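Worksheet: the structure to be examined is printed underneath.
The values are calculated or read from the model by the stated rules, or taken from the named source; none is laboratory data. These numbers come from a predicted model, not from an experiment. With ideal geometry, Cβ positions are generated from the backbone for all residues, glycine too; neighbour counts draw on all protein chains shown.
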Amino acid sequence: MSYVFDNSPLSALFKNFYRKTFRSLWDRFDELVADGSIVSTREALREIEDNGPDSLQAWAAGHQELFATPTAAEGAFVAHIYSVTHFQQNIGNCSRPLTFGDHETVGSGDPSRVRRMASMARIERRRPVSTTDLMSA
């Protein structure tokens with residue numbers, strides 16, 4: 001089973017749960033990383049590189065393989081979502097059409113928000129993880 005992490009829970013983990021204090025949590029997290037059960041997206045990595053905690057930035061730099069680039073099918077899925085007017089309010093206003101991979105959305109908005117939404121589209125198709133999942137085992 002894969003657990004897909006976005007920037008926010010990774011940042012919270014690295015800011016608030018000190019390795020020396022929460023050893024069993026970090027041992028389990030490291031096991032899940034090592035066996036490929038924890039993954040993320042390229043857009044989460046970009047957010048981490050832009051404003052993540054220093055310790056998370058260093059960790060992410062050493063775990064680039066966890067941050068996958070969305071596939072063309074995932075890009076098409078996100079483009080389809082944003083072709084619906086109701087969802088276009090989530091991406092704000094911008095002077096140019098949004099593109100994701102080879103797909104252009106019908107609306108316009110902030111490209112970084114579209115990337116985050118693409119990351120979320122990946123997450124929605126997998127089982128979300130909770131902190132209790134990491135601590136039990």
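Does residue 34 satisfy the condition of being of a type outside the set (S, T, N, Q) and either more than 21 Å from residue 19 (Cα to Cα) or surrounded by 11 or more Cβ atoms within 10 Å (Cβ to Cβ) (or both)? Considered against the rule, which asks whether it is of a type outside the set (S, T, N, Q) and either more than 21 Å from residue 19 (Cα to Cα) or surrounded by 11 or more Cβ atoms within 10 Å (Cβ to Cβ) (or both), residue 34 comes out as no.
When the test is whether a residue is among the aromatic types (Phe, Trp, Tyr) and within 14 Å of the chain's Cα centre (by Cα), residue 67 passes it. Criterion applied to 44, 60 was being under 26 Å from residue 78 (Cα atoms), modelled with pLDDT under 95 and surrounded by 20 or more Cβ atoms within 10 Å (Cβ to Cβ), and the one residue passing it is 44.
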